[in-house]
Amino acid sequence: MHALSGVRVLDFTRVLAGPHCTMVLADLGADVIKVERPGAGDDTRGWGPPFLGGDAAYFLSLNRNKRSVVLDFEDRDDRALLRRLAVGADVIVENFRPGVLDRFGLGWDDVRGDGLVYCSIPAFGPGPRADEPGYDIVVQALTGFMSITGDPSGEPAKIGVALLDLVTGLYAAIAVQAALETRRRTGESQRVTVPLFDAAVAALANQAANHLIGGMVPRPMGTAHPNLVPYQAFAASDGFVVIAAATDAQFHRLCKELGLNEFVADPRLVTNPGRVSHREMVVEAIAGVVATQAVDHWVAACRRVDVPGAPVRDLAALFAAPETAGLVEEIVDPVRGMLRLVRSPMTGVGVTSSSPPPLRGEHTSEVRNHFWGR
């Protein structure tokens, strides 16, 4: 029995945050019907290269375990079918601009009866930007992520993946499951809204608290940490190694391993606040030692003294590493061939085995014939 078996989800989302949310629900066993527009379908089907079977790898990474129907909101018959699908759903997830679905009779006030969970994922919440569109990079700019990411001497940098979209999708999936539990107890319909902007601000975590509590305005620090020293990448003789001594005990063991015994006895460096205050001195000394040996040497040294440390890998090295082998699944797709994708990281919660991401409109006839009603 999968965790969300019997839960029917009507998916009006596209691009990343919404599809990520509905994929998490599908991984947990929900029956997810993805509604796509005539023509191109979900925007990300064309976000390549690379492509496989006509669909971009981007799309394939976000849409396993779903069914796809192509329906036209402007068509009266299709709109009637969408209405019937909405009435028969347990959950609706959408990421249109506010008011779009209302124009087609599919807004919250139109379909809220019978215990529905209705989850909206707009770019912005109520306020001056409520009607604006927003991609992850726009929100990274607005929320300050680009002001704290990258090289201190370089131009603003975005995070290497659309992490704010992914965080928003996870928040939305959690909110939907909480709403389903509330519905189970009360029988009432639930309205959930998780704006991308709001989730991004929440994801600032300690950086937001540094500003709100300490008045700090964080700036880019490369790989360094604003609250911990040493906690960053260092250049070894053949590459970069991350050393993360987050506790006083770890720092003392690291210094002994590096031959920096004077730091162990230095009263200025006994605790982390002192090391943060003397960041330049500490980092310069460690960097001078690390530069003399190869990455593997320092990874082994960190392991010996129980200090977290790791090589800075590229994705080729990541997917060649033995610890990653179990995180990649092979999905047999009769049209596209073998798909190799990253599997769900959740275990022990009734995650379903993966089916391939749907072809555009693959299940339209099936859904038309059965109307997916209660």
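Answer yes or no as to whether Val335 is in the same structural domain as Ser354 (by TED's automatic domain parsing) and either more than 30 Å from Ser61 (Cβ to Cβ) or touching a Gly at 6+ places or on another chain (Cβ under 7 Å) (or both).
It is true that Val335 is in the same structural domain as Ser354 (by TED's automatic domain parsing) and either more than 30 Å from Ser61 (Cβ to Cβ) or touching a Gly at 6+ places or on another chain (Cβ under 7 Å) (or both).
Considering region 114-129 alone, what residues qualify as being assigned to a strand (DSSP E or B) and either β-branched (Val, Ile, Thr) or at pLDDT below 95 (or both)?
Selection gives Val117 alone.
Would region 166-178 turn up any residue that is modelled with pLDDT of 95 or more, of a type in the set (S, T, N, Q) and touching a helix residue (DSSP H, G or I) at 6+ places or on another chain (Cβ under 6 Å)?
Yes - at least one qualifying residue is present in region 166-178.
Kindly provide the set of residues from region 319-354 that are acidic (Asp, Glu) and assigned to a loop (DSSP other than H, G, I, E, B), ordered by number.
Selection gives nothing.
Hey, among Asp78, Asp90, Asp102, Asp109, which residue is more than 25 Å from Arg336 (Cβ to Cβ), surrounded by 16 or more Cβ atoms within 10 Å (Cβ to Cβ), without any contact (Cβ under 8 Å) to a residue 24 or more places away in the chain and among the acidic types (Asp, Glu)?
Asp78
Go through region 39-75 and give me each residue that's β-branched (Val, Ile, Thr) and either buried (at least 20 other Cβ atoms within 10 Å of the Cβ) or not assigned by TED's automatic domain parsing to the domain that holds Thr352 (or both).
Within region 39-75, Thr44, Val69 qualify.
crowded, with 20+ Cβ neighbours inside 10 Å and assigned by TED's automatic domain parsing to the domain that holds Val161: does that describe Ile137?
Considered against the rule, which asks whether it is crowded, with 20+ Cβ neighbours inside 10 Å and assigned by TED's automatic domain parsing to the domain that holds Val161, Ile137 comes out as no.
Conditions first: (1) more than 21 Å from Val367 (Cβ to Cβ); (2) of a type outside the set (S, T, N, Q); (3) assigned to a loop (DSSP other than H, G, I, E, B); (4) at pLDDT 95 or above. Tyr58 passes all but one, so which condition is the exception?
(3)
Hey, among the residues in region 181-196 that are surrounded by fewer than 16 Cβ atoms within 10 Å (Cβ to Cβ) and among the basic types (Lys, Arg), which one's farthest from Asp110 (Cα to Cα)?
In this case the residue turns out to be Arg185.
Take the residues in region 142-176 that are hydroxyl-bearing (Ser, Thr, Tyr) and free of Cβ contacts under 8 Å to residues at least 60 places away in the same chain; name whichever of them is nearest to Phe12 (Cα to Cα).
Of everything passing the filter in region 142-176, Tyr171 is nearest to Phe12 (Cα to Cα).
Of all residues in region 252-269, how many are touching a helix residue (DSSP H, G or I) at 6+ places or on another chain (Cβ under 7 Å) and touching a residue at least 12 places away in the same chain (Cβ under 8 Å)?
Looking only at that region, the number is 9.
Answer yes or no: is there a residue in region 293-312 that is surrounded by 14 or more Cβ atoms within 10 Å (Cβ to Cβ) and of a type in the set (D, E, K, R).
Scanning region 293-312 turns up no residue that is surrounded by 14 or more Cβ atoms within 10 Å (Cβ to Cβ) and of a type in the set (D, E, K, R).
Quick check on this structure: which one of Val35, Val15 is in the same structural domain as Gly115 (by TED's automatic domain parsing), among the hydrophobic types (A, V, I, L, M, F, W, C) and in a loop (DSSP other than H, G, I, E, B)?
Only one candidate qualifies: Val15.
For Phe263, indicate whether it is under 30 Å from His2 (Cα atoms) and outside the structural domain of Ala57 (by TED's automatic domain parsing).
No.
The values are calculated or read from the model by the stated rules, or taken from the named source; none is laboratory data. None of these values were measured; they are calculated from a predicted model. Cβ atoms come from the backbone with ideal geometry, glycine included; neighbour counts cover every protein chain shown.
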